[in-house]
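J.: Quick one: the structure is below, and I'll ask about it shortly.
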Amino acid sequence: MATHDPLEGLNPPQREVVLHEGSPLLVLAGAGSGKTRALTHRIAHLVGARGVAPGSILAVTFTNKAAGEIRERLRGLLGESGRGIRAGTFHSICVRLLRAYGDRIGLTREFTIYDEADRSQVLKALVREANLGDDTFHPNRLVHAMGVLKSRGIDPRDSDAEVPGTAGERKLELLREYQERLTQAGALDFDDLLLVTVRMLRQNEALTDYLRTGPFHHLLIDEFQDTNSVQHQFVRLVAGGGDRLMAVGDEDQSIYGWRGADVSHILRFERDFPRTRVIKLEQNYRSTGNILKAAHSIIAADKTRRDKTLWTDGSQGEPVLLRATPTDLDEARFVVSEILRLARVENRRPRDFAIFYRTNAQSRAIEDELRRWNLPYIIVGGTRFYDRAEIKDALCYLRAALSPGEPVALRRILNRPARGIGATTLERVDAIAREHRVSWPEALGIATQRPEITPSSRKSLDKFLVWLREVQATAGDVHPVALLERLLGESGYLAALEKDDDPEAQGRRENLDELIRVAGEFETREPEGTARQFLDEVSLVADSDDVDEQRDRVNMMTLHTAKGLEFPVVFLVGLEEQLLPHVRSMNLPLALAEERRLLYVGMTRARERLAISYADARVLHGERRPSVPSRFLADLDRECAKFVGVTSLGSGQYHRPAAPAAPSIQRSAFVPPASKGPSQERAIDRETSQEAVRKLLPTDEMKPGMVVFHPTFGRGTIRGSSDYGESKKVLVQFSTVGLKKLLVKQANLGVFAD
């Protein structure tokens, strides 16, 4: 029985979600509308009120963090009676299925999961062996091509597989060879987990029927708008007619089309699953009224979406701040000065702030300014904990111990720490593998007997392989903490770090201690868990799972990484054409619509304050270039926003403040320095800014190539233009002062100043 009433504290639509039965259910849940609450309370109701066995319920999410939150809430709602409910990501669920039933399609249950680095290593080796140095065959291009295929449910070895574009046939050959090498190594990459699972279910109807009526009898899918083709196939296979299917999603938050997500899956849900009941969750519990109005004004311009309007019975809050700055450096100064101001005035901590940007390259100027003021920050989705060299080394030792035939991990650890097994030896092992047509681990054994390998290298190889075989003999029966400690100790890895004079060596040792601590937490959570299960879990960690709300840091991340997170104060920077919307989406309607949704997602991450900014000039590709405000800003409801702007032309009306001196405070204190920093910019209120723009309305058509004259800058040529609300901004190249952007008033060019 439930320890709490699942209906308690729910609003009417959420109660409808919990109580619904008898047909497929689609829940259109706006940002911050309590969808996780509705989903978990529905599960609690199924178990507590309807007597559904916990072992027959599966909840599928897109991140480990979301799955963990579902499990935690269910523990609070159901206590011990909730044990047995499965909650995990698509990938983690598929790993479990393949470990349990993969032998039905000839897959070893001991398969290894290749991450991005492993995949790139194999592809680099293939390109190198084929002597293809052309950038056309860069591993990143091959990875993208393969991801597109697999997200559509196509294996590169399928007869209908096709790679479009330059050298498509040759790329496809490389991808097919890549798949063969994975098969030889007994490995699957991240995309294979779903693809192979779907094929296994299609080939085994009895297994699929068992899952539908047994462990997956009730299926709940979160973030349905983000499903790609192969994930959608998985849902349809397991759900059957869908009478016990609940899908939760929001087409307004579909932002992963670039990696295969298809928003049409949620738009056509009623066609795929007839008799569907649709329930909308529109009451927002996260953001203030002004933030919601601003976000809705942006997304409402997408005419293909379903009608849905978020509302709150909470505070209207502060207006959304729309900030114009002359350059990206000034934008960074604005962000940091506002952080310092809010820290002082509202007693906020670093972890209360998040800075979102469209591309990683935009972070540099802001990072410089944060460091200048000694503000601690973290790049979420940058170099992840599990991507650090020493952590990769430790996990590769673990993989080599658990999967004797796996070459990528083995190759990485052979000379870490240094054992005198250099690159030349590895190349000769490669040659032996090709010559004898054997696996790479088998080639290592042959190499210990070959005269072309130096005696010292043969001795080192033999000693290492003898030790590794001893570990492999018992590795499957050892818990992860003990196995990690043995591997790192007996291999000499920890001893080498102790002898290393590099100042960063201590940090690397501390990171390994943290990995062992993570393994200990896994053992506490899963007393019967194995080292392989621990390895599976850490192999499926996403960027957004790196967010630690207890670490007192300013959070910086791309808009895509921000999905699923929320912060009290959000700065959304770089609202400019070619950034947001991104240059690659300019002439593609579907891509432009996704860019709009991306902005909406960023805005709805903010709980209390939201600041949006753009710069009149920005350094891109090493060159400072003028920029134009994003077309999306033309749709922003000015009734819930406040505009603050300065001139960008250095005409004497704007004086850039000097860079502030580094404050003499302790970082942990987070107290703003005595200097007020960049405060010489004069703010204007909403009414004044709207009037200033209206006075500069264009009535003449201004075309690129047209020659114009300005009383200050002289003769110039129009290079481009952009509509912004009721005004137009044009890009003009003057012969004497370079590129300048100006607002148009009829046939004359005027300077936009406060």
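J.: Quickly run through region 142-193 and pick out the residues that are outside any helix (DSSP H, G or I) and either touching a Cys at 6+ places or on another chain (Cβ under 8 Å) or of a type in the set (Ser, Thr, Tyr) (or both).
T.: To start, the set of residues in region 142-193 that are outside any helix (DSSP H, G or I) comprises 152-167, 186-189.
Of everything in region 142-193, those that are outside any helix (DSSP H, G or I) and either touching a Cys at 6+ places or on another chain (Cβ under 8 Å) or of a type in the set (Ser, Thr, Tyr) (or both) turn out to be Ser159, Thr166.
J.: Exactly one condition in (1) farther than 18 Å from Gly30 by Cβ; (2) open to solvent by less than 50 Å² (accessible area, probe 1.4 Å); (3) in contact with a helix residue (DSSP H, G or I) (Cβ under 8 Å, 6 or more places away or on another chain) is not met by Ser287; state its number.
T.: Result: Ser287 passes all but (1).
J.: Within region 1-55, which residues are basic (Lys, Arg) and more than 20 Å from Ala87 (Cβ to Cβ)?
T.: Arg15
J.: Continuing with the same structure: Checking Tyr614 against (1) part of a helix (DSSP H, G or I); (2) farther than 19 Å from Leu310 by Cα; (3) of a type in the set (Phe, Trp, Tyr), which test does it fail?
T.: (1)
J.: Name every residue in region 12-38 that is surrounded by fewer than 17 Cβ atoms within 10 Å (Cβ to Cβ) and assigned to a loop (DSSP other than H, G, I, E, B), in order of residue number.
T.: Across region 12-38, the qualifying residues are His20, Glu21, Gly22, Ser23.
J.: To continue, here is another question. For region 434-449, which positions are charged (D, E, K, R) and surrounded by 15 or more Cβ atoms within 10 Å (Cβ to Cβ)?
T.: Glu442
J.: Right, Ala87: open to solvent by 40 Å² or more (accessible area, probe 1.4 Å), in contact with a helix residue (DSSP H, G or I) (Cβ under 9 Å, 6 or more places away or on another chain) and either part of a helix (DSSP H, G or I) or within 23 Å of Asp226 (Cα to Cα) (or both) or not?
T.: no
J.: Can you tell me which of (1) open to solvent by less than 20 Å² (accessible area, probe 1.4 Å); (2) within 30 Å of Glu8 (Cβ to Cβ); (3) among the hydrophobic types (A, V, I, L, M, F, W, C) is the one Leu142 doesn't meet?
T.: Leu142 satisfies all of (1) open to solvent by less than 20 Å² (accessible area, probe 1.4 Å); (2) within 30 Å of Glu8 (Cβ to Cβ); (3) among the hydrophobic types (A, V, I, L, M, F, W, C) except (2).
J.: Can you say whether Leu123 is in contact (Cβ under 8 Å) with a residue 60 or more places away in the chain, closer than 24 Å to Gly260 by Cα and not in a strand (DSSP E or B), as far as the supplied structure shows?
T.: So Leu123 fails the test.
J.: Tell me, which residue of region 99-120 that is over 25 Å from the mean Cα position of the chain (by Cα) and part of a helix (DSSP H, G or I) is farthest from Glu180 (Cα to Cα)?
T.: Ala100
J.: Cβ-Cβ distance below 9 Å, separation of 6 or more or different chains: which pairs start in region 5-34 with a residue that is under 24 Å from Ile291 (Cα atoms) and end on one that is exposed (fewer than 14 other Cβ atoms within 10 Å of the Cβ) and basic (Lys, Arg)?
T.: From region 5-34, the pairs are Leu28/Arg306.
J.: Continuing with the same structure: Residue check, Val569 against (1) surrounded by 23 or more Cβ atoms within 10 Å (Cβ to Cβ); (2) at pLDDT 95 or above; (3) of a type in the set (A, V, I, L, M), all met but one. Which one?
T.: (1)
J.: Does Ala431 satisfy being open to solvent by 30 Å² or more (accessible area, probe 1.4 Å), out of contact with any Cys (no Cβ under 8 Å at 6 or more places or on another chain), of a type in the set (Gly, Ala, Ser) and without any contact (Cβ under 8 Å) to a residue 24 or more places away in the chain? Steps first, answer last, please.
T.: Values: open to solvent by 30 Å² or more (accessible area, probe 1.4 Å): yes; out of contact with any Cys (no Cβ under 8 Å at 6 or more places or on another chain): yes; of a type in the set (Gly, Ala, Ser): yes; without any contact (Cβ under 8 Å) to a residue 24 or more places away in the chain: yes.
Here the answer is yes, as Ala431 does meet what is asked.
J.: Also, I was wondering about something else. Here are some residues: Ser585, Ser613, Ser627. Which one is of a type in the set (S, T, N, Q), out of contact with any Cys (no Cβ under 6 Å at 6 or more places or on another chain), at pLDDT below 95 and buried (at least 23 other Cβ atoms within 10 Å of the Cβ)?
T.: When all the criteria are applied, what remains is Ser627.
J.: Scan (1) in contact (Cβ under 8 Å) with a residue 60 or more places away in the chain; (2) part of a loop (DSSP other than H, G, I, E, B); (3) of a type in the set (A, V, I, L, M) for the single condition Leu468 breaks and write down its number.
T.: Result: Leu468 fails condition (2) only.
The values are calculated or read from the model by the stated rules, or taken from the named source; none is laboratory data. Keep in mind it's a predicted model, so treat the numbers as computed, not measured. Glycine gets a Cβ as well: all are built from the backbone with ideal geometry, and neighbour counts include every protein chain shown. Surface accessibility is based on the protein's heavy atoms, side chains included, excluding ligands, DNA and RNA. Shrake-Rupley method; radii C 1.70, N 1.55, O 1.52, S 1.80 Å.
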